[in-house]
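The values are calculated or read from the model by the stated rules, or taken from the named source; none is laboratory data. Keep in mind that what you see is a predicted model, and the values were worked out from it rather than measured. With ideal geometry, Cβ positions are generated from the backbone for all residues, glycine too; neighbour counts draw on all protein chains shown. Protein only, heavy atoms only, side chains kept; ligands, DNA and RNA dropped before computing areas. Shrake-Rupley method; radii C 1.70, N 1.55, O 1.52, S 1.80 Å.
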Amino acid sequence: MNYGIGAAFGVVGVAVAGLLGVAMMTSFERPPQESIQRGFRGVAMEQNYNPRLQKAVAVSNVAPPSLPQLPAVGPKASAVYKNVQVLGDLSVGQFTRLMVSITNWVSPTQGCAYCHNVNNMAEDSVYTKVVARRMIQMTQATNVNWTSHVQETGVTCYTCHRGNPVPANIYFSDPLAGKSVGVMEVATGQNRPAASINNSSLPYDPYTPFLVNDHSIRVQGEKALPDGNRHSIKEAEWTYALMVHFSQSMGVNCTYCHNSRNFGDWSQSTPQRVTAWYGIRMVRELNNEYLTSLQDVFPAVRKGANGDVAKVGCATCHQGVFKPLYGANMSKDFPELRTLKTEPAAEKRASK
């Protein structure tokens, strides 16, 4: 009898050890690991990289070659083509070059027909043409109004699309957010592991509170006692989920922006934290001024469970690296994407 119990415990022990082994193999990255010091010695401000994984990321962050620029000679596009609302000041040659480039960046397989009725290129009957026009304006606004984040590198359509009609890293609002899932619990997206939060139990939609709504991100008190700090634990979890999104989007850890001895102190943070501060506000504006404004344009099949349009986050551009396409400056080859007629958002910002 004792022998049987001992054998049973032995089998259980082997099974547990096997499960632990599987968990370790799937939870930890195998070597090698590389560390790069970013702060003063002794403050643990290091970035950890796995060269094996970095190679895979590098392959997807190669900027394509640009078509040769053409001179601004000859008739304007608006004088030759009908219904050119945004790029009419370009010459026909420049306009055609940009259209071919956008096709290569966004719909290389579908071609011009992805946005146009090829029997009448001027009409707006294909909804993607209306969307594309607004996205060109969004790209221009990003390059002109948000140099505090994109600097002189700027963005093009390829920065997000990478040859796909729909960018890979978009999101929709959580369909269960704010709804009761128990006797007293209100759903925050927890305990539903998602790749967007590294399969953790944190809320998997930290985007809506911070990258659509202007919710306060700071949750850490500045005093020993919680005097005046009324942020809840749930709000803290949303904040941590957002930080996980940043980390995954850029392939970095917390010390890329923060000093781990005092995460909240700006004076001890890196310059990248300031860049990120502007980036949060930039993404928020893009979602509200450009994407949400297309709510009535997108068909139901392209909307989320809540009927909302797709929105962008940091991963939409960065796609795993600290600078999109490792900082390749594609926008310099397309000056028409670095100019902008006055936009409502720009007027509002200038008045503040």
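Show me 265-273, 298-306, 156-164, 209-217 ranked by packing, highest mean number of other Cβ atoms within 10 Å first.
156-164, 209-217, 265-273, 298-306
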Using a basic spin-label model with each label point 7 Å from the Cα along Cα→Cβ, how many nm lie between Ala194 and Leu70? 4.3 nm
Candidate residues His231, His258: accessible-area rank, largest first, probe 1.4 Å: His231, His258
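Solvent-accessible area per residue for the stretch 42-88 at a 1.4 Å probe radius, Å²?
64 Å²
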So for R0 = 35 Å, FRET eff. of Arg41-Tyr326 from the Cβ-Cβ r, to 0.05, ends up at 0.80
Label-point gap, in nm, between Phe263 and Asn48 - each point 7 angstrom along Cα→Cβ: 1.6 nm
Between Ala122 and Asn213, what length in nm is gained on full extension when 0.36 nm per residue of separation is reduced by their alpha carbon distance? 29.1 nm
Would you mind pulling out the separation of the Cα centroids of the stretch 230-305 and the stretch 59-82, in Å? 33 Å
Subset of Lys129/Lys323; Lys82/Lys303; Lys55/Lys323; Lys129/Lys341; Lys234/Lys323 violating a 23 Å alpha-carbon distance limit: Lys129/Lys323; Lys82/Lys303; Lys234/Lys323
Fully extended, how many nm does the chain gain between Gln151 and Val80 (0.36 nm per residue separation, minus their Cα-Cα distance)? 22.1 nm
Amide H neighbours of Glu46 under 5 Å, at least 5 residues apart or on other chains, H built in the peptide plane: list them. Arg38
By how many nm would the segment from Val62 to Asn164 lengthen if fully extended, with 0.36 nm per residue of separation less the alpha-carbon distance? 35.2 nm
For the Thr96, Val274 Cβ pair and Förster radius 45 Å, calculated FRET efficiency rounded to 0.05 is 0.65
Just the number, please: carbon plus sulfur as a percent of the accessible area of the stretch 21-158, 1.4 Å probe, no ligands or DNA/RNA counted. 60 percent
